[in-house]
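Engineer: One structure follows; several queries about it will come next.
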Amino acid sequence: MIETYLLHLFIIACLYVILTTSLNLAIGYTGLLNLGHIAFYAIGAYTSSLLALNFGVPFWIGALAGATLAAIVGYLLSYPTIKLKGDYLALGTLGFSIIVESVLKNWVSLTRGPLGLPGIPKPSIFGFAIDTIPKYALFGLILAVLVYIVLEIVVRSPFGRVLQAIRDDEMAAKTLGKDTFNAKAKALALSAFIAAIGGSYYAHYVTFIDPTFFSILETILIFSMVIVGGTASMLGSVAGAVLLTLLPEPLRFLPFPSSIIGGMRQALYALLLVLVIRWRPQGLIGENTFKKFKNGVKR
Amino acid sequence: MSLTVKNLKRSFGGVEAVKNCSFKVKQGKITALIGPNGAGKTTVFNIITGIIRPDAGNITFKGEPLIVLQTHEIARLSIARTFQLLKLFPKLTCLENLMIAHPGKDEKMFDCFLKPKKIRAEDEAKRARALELLKVVDLERYKDEKAGNLSYGQQKLLDIARCLATEANLLLFDEPVAGVNPIVRERIKKLLKELKQQGKTILIIEHDMRFVMDLCDEIIVLDHGVEIATGTPAKIKKNKKVIEAYLGVDA
Ligand SMILES: Nc1ncnc2c1ncn2[C@@H]1O[C@H](COP(=O)(O)OP(=O)(O)OP(=O)(O)O)[C@@H](O)[C@H]1O
Ligand SMILES: [Mg+2]
């Protein structure tokens, strides 16, 4: 029993590592204040679930289809939003995620709306059924490590250097001949692709999804994980994801109804976020994002 | 002729920053663009590099029209610049600031997986070249320091080095020696002369007249957004209009 609970936490931590590292690629490395990450996660979850439920499509094909769709949507989304700067980009991507959530709620003939999708099959990869919790935990570990390695290689590559240059000073990057628009669109597409993989991974684990899984609260959570862990550090994102997954767990054992505990959980995230921004703005591991604003002299 | 600017116009609200400005920059020479504060010099640089669109006028570089192009496309025609207000990448190291300027292939996202060996070799070459340039500006010690942590003068030098790292043929320097101590100033002067020897075309904005008169083959004077004189340093020094507008009597 206790092992099942711990393995469940491990599986969830792996999910958040996938979501947080991929979001950090956009926010921490490229400087894109993306508040729509959860929409890509939703696209992945719904695509592979619907393909599996309606057509019996195997997990890995469904997951790749969802990820590809998310990447295309991310790339297209960059056209209207990437020319926007800072706050406007944040609003644009936030609006996008609200649109996706409302499509999930209202396109009832496809998504069953608020009723959600029950009975999503557990994955089976090349005949190997991932049907028990320990197997799923191992699967999650493999996925998370894979995502981590891919992202770490990308951000250390010349392409990753261009992304960081764009974050620091886009105009200067342009005068060095960098097609910054294209680089940002690709970074957003890759970030979306990985988030969608996370969505499929989660949907086929819980076997039931509904639109409430993909609300703004989820966005705030993974955003907090990035900030607490430290922007522009993949290791920081892993730390942030694990910490914020585990931290509210003890609340579960308090003698309160679950509605109160849900609120306390949000309050705990908010408190941690405030503490980190006040006393350790660079996050647990990571570069100092807020320094730029503190001593505004350096440009 | 390397760069030709013709009838350039640009206003900001009511301010006519550049009005009907025309001049030419000769291939392989060092040309200075001088004039009082607010004369429109930096704005001209911004228009050449595609950062600001002109209201009217034309710019050609080696016969190719520039104003229809975007900033990164202009840069790829082998034009590089520095900025009056520094625009380094503060969170990248000094070395990375130079490596990124290297005119290698466009950095593709998946190249690091598809051809890791080639990428690594290319990056090594960039690193070697960047180290050489850091030596030239005497910042070798700071190679792994974040650019944002350098002093103003050091950042100025790094910006110049980054401009050189592009290996561009036309180099635009916006006040390269403003706020820089005399020793470093001499070093920059020497560096610019060497670049000329290598066949680069250089256009500098600078208020330090001794520096300009010493270094430049030709001077273009802007005042209130118009070109008022062009000529050799000797000629410009004696030009009445220039003395009135900018140099003063005792220059
Ligand atoms: N982006 C902008 N928006 C509004 N006004 C601008 C902008 N850029 C320049 N100006 C205005 O255009 C005029 C020319 O500015 P510019 O920076 O080109 O002068 P400059 O010759 O480089 O001066 P300095 O020698 O002081 O650097 C100034 O009046 C300035 O306020
Ligand atoms: Mg200026």
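The values are calculated or read from the model by the stated rules, or taken from the named source; none is laboratory data. Quantities reported herein were computed from a predicted structural model and do not represent experimental measurements. Glycine gets a Cβ as well: all are built from the backbone with ideal geometry, and neighbour counts include every protein chain shown. These area figures cover heavy atoms from the full protein model, side chains too; ligands, DNA and RNA do not enter into them. Shrake-Rupley method; radii C 1.70, N 1.55, O 1.52, S 1.80 Å.
Engineer: Of all residues in segment A:1-19, how many are within 17 Å of the chain's Cα centre (by Cα) and open to solvent by 50 Å² or more (accessible area, probe 1.4 Å)?
Structural biologist: 1
Engineer: Being over 20 Å from B:A161 (Cα atoms) and part of a helix (DSSP H, G or I) is the filter; apply it to segment B:187-211 and report the residue that is nearest to ligand 1 (Cβ to nearest atom).
Structural biologist: Selected residue: B:M209.
Engineer: Looking at (1) in a helix (DSSP H, G or I); (2) in contact with a Phe, Trp or Tyr (Cβ under 8 Å, 6 or more places away or on another chain); (3) not basic (K, R), find the lone condition where B:E227 falls short.
Structural biologist: Condition (1) is where B:E227 drops out.
Engineer: Count, please, the residues in segment B:127-152 that happen to be surrounded by 15 or more Cβ atoms within 10 Å (Cβ to Cβ) and among the small types (G, A, S).
Structural biologist: Residues in segment B:127-152 being surrounded by 15 or more Cβ atoms within 10 Å (Cβ to Cβ) and among the small types (G, A, S): 3 in total.
Engineer: Please find, among B:V18, B:V44, B:V5, the residue that is in contact with a Ser or Thr (Cβ under 8 Å, 6 or more places away or on another chain), of a type in the set (V, I, T), away from chain A (no Cβ under 14 Å) and within 12 Å of ligand 1 (Cβ to nearest atom).
Structural biologist: B:V18
Engineer: Looking at B:L139, B:L192, which one is closer than 27 Å to B:I59 by Cα, away from chain A (no Cβ under 14 Å) and away from ligand 2 (no atom under 16 Å from the Cβ)? Steps first, please.
Structural biologist: Values: B:L139 fails: closer than 27 Å to B:I59 by Cα.
On inspection, the qualifying residue turns out to be B:L192.
Engineer: I would also like to ask the following. Can you name the residue in segment A:163-213 that is more than 11 Å from every other protein chain (Cβ to nearest Cβ) and among the polar types (S, T, N, Q) and, of all such residues, is most open to solvent (accessible area, probe 1.4 Å)?
Structural biologist: For segment A:163-213, the residue satisfying everything is A:T212.
Engineer: Only strands (runs of 3 or more DSSP E) wholly contained in segment B:14-116 count here; list those with 2 or more residues that are farther than 21 Å from A:L176 by Cα. Step through it out loud before you land on a result.
Structural biologist: On the way: elements: B:15-25, B:30-34, B:56-61, B:79-81.
Filter on segment B:14-116 gives B:15-25, B:30-34, B:56-61.
Results for (1) modelled with pLDDT of 85 or more; (2) part of a helix (DSSP H, G or I), shown as yes or no for each residue.
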| site | (1), (2) |
| --- | --- |
| A:T231 | yes, no |
| A:G240 | yes, yes |
| A:L272 | yes, yes |
| A:Q282 | no, no |
| A:E287 | no, no |
| A:K292 | no, yes |
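Engineer: I'm trying to understand the selection: among the residues of segment B:74-88, which are more than 16 Å from ligand 2 (Cβ to nearest atom) and in contact with a strand residue (DSSP E or B) (Cβ under 9 Å, 6 or more places away or on another chain)?
Structural biologist: Selection gives B:I74, B:A75, B:L77, B:S78, B:I79, B:A80.
Engineer: In addition: Could you go through segment A:119-135 and let me know if any residue there is surrounded by 22 or more Cβ atoms within 10 Å (Cβ to Cβ) and closer than 30 Å to A:L7 by Cα. It would help to see each step written out before you state the result.
Structural biologist: Of the residues in segment A:119-135, the ones surrounded by 22 or more Cβ atoms within 10 Å (Cβ to Cβ) are A:120, A:123.
If we keep only those that are closer than 30 Å to A:L7 by Cα too, we end up with A:120, A:123.
For segment A:119-135, residues surrounded by 22 or more Cβ atoms within 10 Å (Cβ to Cβ) and closer than 30 Å to A:L7 by Cα: present.
Engineer: Right, something else. Can you find a residue in segment B:35-53 that is more than 16 Å from ligand 2 (Cβ to nearest atom) and within 20 Å of B:V226 (Cβ to Cβ)?
Structural biologist: Residues of segment B:35-53 that are more than 16 Å from ligand 2 (Cβ to nearest atom), as a first pass: B:50, B:53.
Add one more test, that the residue is within 20 Å of B:V226 (Cβ to Cβ), and what stays is B:53.
For segment B:35-53, residues more than 16 Å from ligand 2 (Cβ to nearest atom) and within 20 Å of B:V226 (Cβ to Cβ): present.
Engineer: Restricting to segment B:57-86, what's the tally of residues that are open to solvent by less than 40 Å² (accessible area, probe 1.4 Å) and either facing another protein chain (nearest Cβ under 10 Å) or among the hydrophobic types (A, V, I, L, M, F, W, C) (or both)?
Structural biologist: Within segment B:57-86, residues that are open to solvent by less than 40 Å² (accessible area, probe 1.4 Å) and either facing another protein chain (nearest Cβ under 10 Å) or among the hydrophobic types (A, V, I, L, M, F, W, C) (or both) number 15.
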